[in-house]
Amino acid sequence: MKKTIYIISFTLLGILAQLLIHALLEMWYIELLIGDFARYGFGLSWNAWFLIHHIVTGVLFAGGSIGGYFSGRYWWRIIYTEKRYEKYRNTHQ
């Protein structure tokens, strides 16, 4: 049960991290589009940019979820299975 909660928590962390990345990326590029749509719009319409937004949202969500899941599995193995941290914990106390 502890392992499941640990991996779910890492998955949620991955989702939160992708939300932050998504927000920063979107704020930056929307500022560019509003400032000079002809230059940064690449000849696409606003409808096309909304489609791009939805596609990128899905890709980032999947990437954040998958990345968080595999990070959780990796760190579970490092900390609880291999117990690599103990050699550092015992030398730094």
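The values are calculated or read from the model by the stated rules, or taken from the named source; none is laboratory data. Predicted model only: the values in this text are computed from it and were never measured. Cβ atoms come from the backbone with ideal geometry, glycine included; neighbour counts cover every protein chain shown. SASA here: full protein model, heavy atoms, side chains in, ligands and nucleic acids out. Shrake-Rupley method; radii C 1.70, N 1.55, O 1.52, S 1.80 Å.
Things worth noting here:
- With both labels modelled 7 Å from their Cα along Cα-to-Cβ, the Asp36 to Lys2 distance reads 5.7 nm.
- Given charges at Cβ of Lys, Arg, Asp, Glu: the chain dipole, positive-most of Gly43, Phe10, Leu24: Phe10
- Extent along principal axes [Cα atoms of the chain; Å; largest to smallest]: 60, 29, 15
- Here r is the Cβ-Cβ distance between Leu13 and Ile79 and R0 is 25 Å; the resulting FRET efficiency, rounded to 0.05, is 0.95.
- Angle of helix 46-76 to the longest C-alpha principal axis of the chain, folded into 0 to 90 degrees and rounded to 10: 10°.
- Accessible area of the chain divided out per residue, in Å², using a probe of 1.4 angstrom: 77 Å²
- With every protein chain in place, the chain: carbon and sulfur % of accessible area (1.4 Å): 70 percent
- Ranking by accessible area, most exposed first, for Ser45, Ser65 with a 1.4 Å probe: Ser45, Ser65
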